[in-house]
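The structure appears below as structure tokens.
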Amino acid sequence: MFMNVSSTPAGGGPRALSAVLGEVLRAGAVVAAAEVARMRALAEAGHLALDVMGERPVSSRVAEMALREVASEIAAAEHVSDRTVQTQIGRAMTLVDDYPGTLTAWEQGAITRAHVHAILEIGAPLPVEVRAEFDALAVATAEGLSPGRLRTCLAVLAETLQPTTITERHQRGRDTRCVRVVTGQDGMSGLVATLPTVLAVGIYDRLTQQARAIIDTRGDTPLTATDERTTAQLRADVLADLLLTAAPDADPTRTDDGPGTLGAIRARVQVVVPALTMLTPQQENTDPAELVGHGPIDADTARALAESTTTPWDRVITHPITGAVLHTDTYHRTTAIDRYLRARDRHCRWPGCTVPAIRSEVDHTLDYALGGPTHIRNLAHLCQRHHTQKQFTRWTVKQLSDGILEWTSPTGRTYRDEPLPYSPAVKFLPDDPPEPEPEPDHAPF
């Protein structure tokens, strides 16, 4: 494609743009240098964690705990997730140790962070012994290419360096299949399933066919004539119906007499619904219902859950000003301590963790074996990850008054995690502004 551009700029605009472009490039170079410096520091933190093991043989579990301990120290200082920091440390160690050419090119501004991500992602399946060759070839290939075009070139390049066939690698890749939730906005989230490509495409195709079949029947009966859902919306609705109501065929508990126990298993969520929100949903923004670990949900969904579930609801009595939990009760027989702790903690009590209490374990802050009592002042919810970390790393914890946990890191720094208060029942509003004095009917003379 040929584009004829006038060589005489009008009005000085391009000169101003040129100055801005220079500033963008200079700022980009500064950011790149800072990002590379952080990568080197994170990698050094990872190496320090492993060096602590000394000459002792290091099992994968011991190495994992050593890295987790260091990641938690950094995460607590930065007020971010320790999982995130541990992932960053692992990525930094890979970049520094296996891709020095890529790191240098990034530091010099020859490539961007997006290029680096592409190189690391495409090179991840390669054996460590060929990554040096891939590193050099990737940097040379990246010159003048956008990250998208580089990714295509690297995929072909990486395949030539693989010592095994794609069939053999696919068999290993199947072991990574999983399902995860990515929390979104406005009460919505993404449900991501990692599956063999043939199955993923097949599932999508079946959902599409089912959605189109529903669309095709809209005009056949008065009941479906008002259905205006799009194909994309119908795919999501059909998928939700299938996953929440159908019994799996691959059920090892199934007998010849009928469905097995897997079909009877129902989804579990932990929801907090303020009473006033149920009574006056038009004011739900003031004190919204909450899906613990994921954020606010709309009042209609909360009401539908409250009306349809057979699981007993725990009534939580809170302080009208501070929102602290005062008491819990229910008309059904449940364990009072567990009810109180679920209401107080709502999620894992590691600083910043959002795993809901219903998927966490009730832990004795002071171990029961060491004389710790089974009492709300010595109990708190910890997810499996942080329960294990409490047991097998140098992090320590003690419980203060009002359910506050004080964590002490291996370097002696302390971090407090306080139970999140509920919204106060009493709202204090500013005084109404004084009304302006009425203007006279006519100007005085």
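The values are calculated or read from the model by the stated rules, or taken from the named source; none is laboratory data. Fair warning: this is a prediction, and the values are worked out from it, not measured in the lab. Quick reminder, even Gly has a Cβ in these numbers, built from the backbone with ideal geometry, and neighbours come from all protein chains shown.
Of the numbered criteria (1) without any contact (Cβ under 8 Å) to a residue 12 or more places away in the chain; (2) within 30 Å of Pro410 (Cα to Cα), the one Ala275 fails is (2). Restricting attention to region 77-99, the residues being closer than 22 Å to Arg416 by Cα, buried (at least 22 other Cβ atoms within 10 Å of the Cβ) and in contact with a Phe, Trp or Tyr (Cβ under 9 Å, 6 or more places away or on another chain) number 1. Just to be sure, is Ala49 surrounded by 15 or more Cβ atoms within 10 Å (Cβ to Cβ), small (Gly, Ala, Ser) and outside the structural domain of His386 (by TED's automatic domain parsing)? Here the answer is yes, as Ala49 does meet what is asked. Within region 354-379, the set of residues being in contact with a strand residue (DSSP E or B) (Cβ under 9 Å, 6 or more places away or on another chain) and under 19 Å from Asp402 (Cα atoms) comprises Ala357, Val362, Asp363, His364, Thr365, Leu366, Gly372, Pro373, Thr374, Arg377, Asn378, Leu379. Would you confirm, using the coordinates I've provided, whether Val116 is buried (at least 18 other Cβ atoms within 10 Å of the Cβ), touching a Leu at 6+ places or on another chain (Cβ under 9 Å) and under 21 Å from Trp395 (Cα atoms)? Considered against the rule, which asks whether it is buried (at least 18 other Cβ atoms within 10 Å of the Cβ), touching a Leu at 6+ places or on another chain (Cβ under 9 Å) and under 21 Å from Trp395 (Cα atoms), Val116 comes out as no. The set of residues from region 166-198 being of a type in the set (Ser, Thr, Tyr) and under 23 Å from Ala155 (Cα atoms) comprises Thr167, Thr176, Thr194, Thr197.
If only residues of region 351-393 that are touching a Ser or Thr at 6+ places or on another chain (Cβ under 8 Å) and part of a loop (DSSP other than H, G, I, E, B) are counted, the one that is modelled with the lowest pLDDT is Gly372. Inspect all residues belonging to region 11-27 and state whether any of them is outside any helix (DSSP H, G or I), at pLDDT below 90 and either assigned by TED's automatic domain parsing to the domain that holds Pro351 or farther than 30 Å from Arg413 by Cα (or both). Looking for residues that are outside any helix (DSSP H, G or I), at pLDDT below 90 and either assigned by TED's automatic domain parsing to the domain that holds Pro351 or farther than 30 Å from Arg413 by Cα (or both), one finds at least one in region 11-27, hence yes. Please count how many residues of region 171-216 are part of a helix (DSSP H, G or I) and of a type in the set (S, T, N, Q). Residues flagged as part of a helix (DSSP H, G or I) and of a type in the set (S, T, N, Q) within region 171-216 amount to 6.
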